[in-house]
Each structure stands twice: as C-alpha cells, then as structure tokens.
Amino acid sequence: MAAKTVTEERNIYYIEAMREGLRAMLGEDENVVVIGEDVGRSVIGATRGLVEDFGPMRVRNTPISEATFVGMCVGAAAVGLRPVVDLMVGSFFYVAMDQLADQAAKLRYMSGGQVNLPIVYFTATGPSGSAAAQHSENPHPMLMNVAGLKIVMPSTPYDAKGLMVSAIRDDNPVVYLQDFVLGGVRGPVPEGTYSIPLGVGDIKRAGKDVTVVAIGAAVPKALRVANKLEAEGISVEVVDPRTLVPLDMDLILESVARTGRLVVVDNARLTCSAASEIVASVSEKGFDLLKAAPQRVAWENVPVPFSPPLEERALISDSDIDSAIRMTLA
Amino acid sequence: MTKTSAFDHLSQDDAIGMLRNMIRIRRFEEKLTVLFKRGKLPGFVHLYTGEEAIAVGACSALRTDDRITSTHRGHGHLIAKGARVDRMMAELFGRVDGYCRGKGGSMHIVSFDLSIIGTNGIVGGGIPIGTGSAWADRHLGRDNVTIVFFGDGASNQGVFFESMNIASVWGLPVIFVCENNGYTEWTPTSELTAGNIVDRAAPMGIPGESVDGNDVVAMRFAVERAVERARKGEGPTLIEAKSYRWNGHNEGEEAFAGAYRPEAEQAEWRERDPIVAFGERLVESEWLTREEWAAIDSDEQAQVDAAVEFAENSPFPDAEEALDHLFAPSKESA
C-alpha cells in the first residue's frame, strides 16, 4: 500500500479514480475482463475509453440480460477469468438476484471450498435526484445479508481507486457500490497503482465527543455537519467503514470507546440497514462504552419518490444528522 | 461380420463402458430409493432413473477437461462425468469424505477436478454458469466445450433464452442439452410449455436437434456433432433429449403428489428401458455376452454397496466447518 500522503497533489473525479483502478488492473492481469451494457461508451463513465486501449473482447458490451451475465461470471471465474461487471444501476442487481445470491455467493461454500470466484460487480447506485424508485436504490443492506459477497462502498476518489484495485485482486465475489452523487466529486488521487485492504475502515475526521459512522454518500454529509458543529464546540469523529463486508468493527468500537456516543448515517432504508447492523453490534459489544442511546439516520421505509419535495422528505438530510448528534449529547 | 455397423465409429470398449456407466447410475439410484425410505439420507433426493442414456451418451462425447453444469437431478451427470460413487454417497450422507465435505448434498455435488463446475438446486440456475465457462474458454483461446444440462421445466426460465442469445452472438462453445422427461415437477410439461423446446433454437440462429433420449448411441452422436461444431468455433447447439422420469419429482412425493401420471404411460416407458435396450443391441452385435453383462451388473452393484459402507464409515465434518469455506483467503485483506 502506497503512502497516503501525496507529494504533488493531483485532484481527479471519483469516476476517473474508478477508471484508473480498472485500467491498472486490465493492464496488470490479462485475465481481467470488463463486461456490461454499453461498457464501450459507458453511460456513467467508469469504463469510458477503456475499449480503445484494451479492445472489444476485454471491454465487452453485453445484451440487456443481467441475470445471465451476472451468472456467466461465475462459470467464467471458475475456469480462470477475472470478470468485472458494470451493472450500471444498483436496482439492476434485483434482476439478477438468483445468480448473485444463490450462485456467485454460494458456490465456493457449497462446494466445500473447491473453487475461488474472483468477480467484481460494480455499479452506480443510490439516489441522484428524481431518478425515482427504480433507479435510486441502495442494495447494500440486502446484500450484506447474503453470506458470500464482499461489499465495498467508497466515499472518496482516493478510496474509489484503491478499493477498485483490491476488489479486482480479491479472489472472491465483490460488490462495489459507487453512490451516484459521488461520481462527480474531486479529490486527491496518486497517479500510481495502490490498494486499500478490504475490511479496513478509515477515520475521515478526528473528534472526541460523538462518533458518526457514515457510509458512501453519507460521508460528505456527515463531514459537512461535523464542520458546522465544530463552531459550537461539538467535536465529531467521522468514521467511514469503506467496506461493509468485511466490516471493521474494531475501528468503530475504538472510536466509540473514545467518544462514548454513536450515530450511524446510512444512505439506505432504515429497516435492516447497515446502520441497524452497526448499532446492534456496538450495543452488544460496547454497551458499557455508550453514554447515550445510539442513533440511526437512514431513509424512510418507502421507495424513493420522484417529485423533489417528496424525495427530500424520504431521504436523509444534514439536519437529520445534526439532530441525531444532538440527541446523543442531550 | 461388421460388428460396428450398428454403432458407426463407436468402439467396442466405448460401448461397453457406456453400458457400465448407465448401470452404475441405475444401481446407485436404486440404492438411494431404499436408503431414503429407511430415513438414512438427510434432506431430499431427485432421481434420474430412466434418463441414464442422456447423461452417458452426452458425457461420452466429451474429453475429461470439457465441462458440464448439472441440475437438481444430477447424479447421472456426475457419474457419467467420472465421479466416484463412494464420494458421492458420502456427500449424500453429509460426511466429510463427500465431494463437498458434506456442505452440498444431493443437489450440489461438484468436482472441479472433474470439470463439473456446478450442479444446482435452482431450476435453470446452471444455464448462465455453463455459458460463462464456455465464454472464458473461448476468450482464453482454449478448445474446451461445456455441456449445460437442464430440464424441460428450465426451458421456461428467462436465463435459458438469454443464454442462448448471448451464446449465439458471441459464438460460444456451449451445448444446451434439455432433458425433456415429460413433467415439470408434478404437471405435464405439455400444459406449461409452448411449442417444441427444440424449436427455440431457430430464432436464436443456432442448430437444434431432437434426439431419442433413451438411445444412448443417438445421444452420443448428436452431442459429438455439437462438440465438433463448438470446438471449431461454430458456436452453440440446442439438443432436446426426450425421455421419461421413472420416479417422482423427488423421493417421498407420494405423501402429497397423488397419482398424477397414468399407470399405462409409466409402464410404456419402463418397457423402453434405455439400459436393457442398449445391452440387447450389444448382445445382438456380439460385442457382449449375457454373462459379461451380468458380471458388469453385479460388479457395479458391489461398488454401490461398498459406497454405502464407505459413506457410513466416513465421519461427519467437525461442526466448526460450518464456518469455513465462505471466502478464499485474500492476498489484499488485512
């Protein structure tokens, strides 16, 4: 792993950082292939331009048959390819759930460990502004419950590149979720190839009064609120797990041990969210550390509506995070 | 006399090997019926009895490194692809010497060493997987082919159409072998399935061939033709093998299924026993004596009996193994 400090800071977009990770891995290992609907043109942008460098067999357009190409990767990985799939939109996982949850996630386990399945399923995901219910899902809570899938959800361009490298080098099925709204965020990213281990979280902002665990697009929101509260003398630590499976509970518990207060902000529906899982685990393992009841900030339990005021009502806002933090301090 | 005339280029050794494999499947599954009734098998089993010619004919056209994916009714495919009955039996008993160390059971026995890259409890679930191994082999410049076995029921799953489509446009070396045994679980397939399954190849622009699934030689030759096309890069083939499931959808179904198959229909198909039919042809061709045939049978029966003993003597896995094998150790993880 390269040093995190960048000597000459180079700011690029998150989506470009993903692409750099993809490009590096296509260059590193000729068994890496990228497939998906229109990956040659790339609507969202992560694969744009790769076909020119690696050709149409390694960056290959598929028919709109999510179930089949998600499943084909299982057979392909079992015999030597390292497929990387662009699902394009998070909801499209639902089209392919049997192949993802019953096949990709289970074949290694069911076979008693006979086979490794190095596959990455990446997609843009989450609300992006009036994309409506079928293009705004964040499927990570559901997928966390499918044993056998690693789940990555980077929040910065730096993490996006390093975690793409690790996801592709990993010998297991990895779901890589790019929150839509983060694609256009810029940040420092080294030019060279580096990796970030799966299962290692990151403290995005140090603080001493409250731990806010934030996931994906919730991270910049939490940082914004934390900076605002600093003026009032409230010191917020923002912890980004970066991967949800495996989950860095040690880092979260260490932070809670310092602050005694926990808020988890998840860009997903509340019920059985990652926030629910983290709060439950901290309550079990770190009950004595807590000075106040832990709080979850997540979406209302409804599909994401289209009309802007409805969408705003259903999703999380800075003021929700602000209120939850104050609740732990009350 | 030209003993090979009836069997074209099939050698005597090949033919007798095929008969032996069919008998092995039959005796193995007959034993499962008994074991199931005695409550010796955890879970449930779906038997292949009556359809042995399909698996044996098809797999006899493959090289060892050619691949198959199989179904919930997969014992025949596994044996035909070279799986050992003792390790299969141990898996069915949930023991540590089973192919999957007891983690898979009847519907999930796989052996990647034998290029059996998936069996499946989900109807149609293996179709994309086998299409994917064919894609990888073609992409990597190998000449392996993959047979995807599936049933008439699976022919109504979306992934079947999707996989034929992508296999056709990508020219993949995959052979879709549909085993039409007449029943989709407990309902006649004719009530649930439009047209002929084999005709579904035509709109995809791939060859389709209908084969008597009770004729092991016909299966062998049909699959050989498909394998030849696939190895030459000429793409996929759909083969519909028509046969009949002697047993129920699963053992023990009499508890709820009722009499959903006419007695006369069952009797008619039992008359067309693929093993008897092939054995008789071999005897008529003077490739096999009845004594040799009986010796093969008793040898296979003994192997199956020994397999039960092997399974019973194999220990259960340590309970902590329930937590193993989920993820491959990672080079990158901390």
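The values are calculated or read from the model by the stated rules, or taken from the named source; none is laboratory data. What you see is a predicted model, and the numbers here were worked out from it, not measured in a lab. Here Cβ is always computed from backbone atoms with ideal geometry, including for glycine, and neighbour counts include all displayed protein chains.
Values computed for the structure shown
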read-out	value
Pair list, Cβ under 8 Å, 6 or more apart: the stretch A:101-116 residue assigned by TED's automatic domain parsing to the domain that holds residue A:66, other residue among the small types (Gly, Ala, Ser) and assigned to a helix (DSSP H, G or I)	A:103/A:71; A:104/A:71; A:107/A:78; A:115/A:78; A:116/A:77
Residue in the stretch A:70-100 that is farthest from the other protein chains (Cβ to nearest Cβ), counting only those that are touching a residue at least 60 places away in the same chain (Cβ under 8 Å) and assigned to a strand (DSSP E or B)	A:84
Residue A:314 surrounded by fewer than 19 Cβ atoms within 10 Å (Cβ to Cβ) and over 22 Å from residue A:216 (Cα atoms)	no
Contacts under 9 angstrom Cβ, first residue in the stretch B:304-329 being under 30 Å from residue B:23 (Cα atoms) and away from chain A (no Cβ under 14 Å), partner among the β-branched types (Val, Ile, Thr) and part of a loop (DSSP other than H, G, I, E, B), 6 or more apart	B:315/B:96
Verdict on residue A:203 being out of contact with any Phe, Trp or Tyr (no Cβ under 9 Å at 6 or more places or on another chain) and aliphatic (A, V, I, L, M)	yes
Helices (runs of 4 or more DSSP H) contained in the stretch A:222-330 and holding at least 2 residues out of contact with any Asp or Glu (no Cβ under 6 Å at 6 or more places or on another chain), at pLDDT 95 or above and under 30 Å from residue A:167 (Cα atoms)	A:249-259, A:274-285
Per-region count, the stretch B:281-311, residues more than 24 Å from the chain's Cα centre (by Cα) and under 21 Å from residue B:51 (Cβ atoms)	0
Residue A:309 vs. criteria free of Cβ contacts under 8 Å to residues at least 60 places away in the same chain and in contact with a strand residue (DSSP E or B) (Cβ under 7 Å, 6 or more places away or on another chain)	no
Those helices (runs of 4 or more DSSP H) lying entirely in the stretch A:101-185 with at least 3 residues within 13 Å of another protein chain (Cβ to nearest Cβ)	A:107-110, A:157-169
Some residue of the stretch B:267-280 being modelled with pLDDT of 95 or more and over 24 Å from residue B:49 (Cα atoms)	no
Elements of type helices (runs of 4 or more DSSP H) in the stretch B:75-178, at least 3 residues being crowded, with 24+ Cβ neighbours inside 10 Å, under 14 Å from the mean Cα position of the chain (by Cα) and more than 9 Å from chain A (Cβ to nearest Cβ)	B:75-80
Hits in the stretch A:44-59 - residues which are within 14 Å of chain B (Cβ to nearest Cβ), surrounded by fewer than 21 Cβ atoms within 10 Å (Cβ to Cβ) and closer than 22 Å to residue A:183 by Cα	none
Among (1) closer than 22 Å to residue B:248 by Cα; (2) touching a helix residue (DSSP H, G or I) at 6+ places or on another chain (Cβ under 9 Å) - the single one residue B:103 does not satisfy	(1)
Unique residue being more than 14 Å from chain A (Cβ to nearest Cβ), part of a helix (DSSP H, G or I), within 21 Å of the chain's Cα centre (by Cα) and basic (Lys, Arg) when the list is B:225, B:245, B:200, B:229	B:225
Positions within the stretch B:154-194 being farther than 24 Å from residue A:63 by Cα, of a type in the set (Gly, Ala, Ser) and either in contact with a strand residue (DSSP E or B) (Cβ under 8 Å, 6 or more places away or on another chain) or touching a residue at least 60 places away in the same chain (Cβ under 8 Å) (or both), in sequence order	B:182
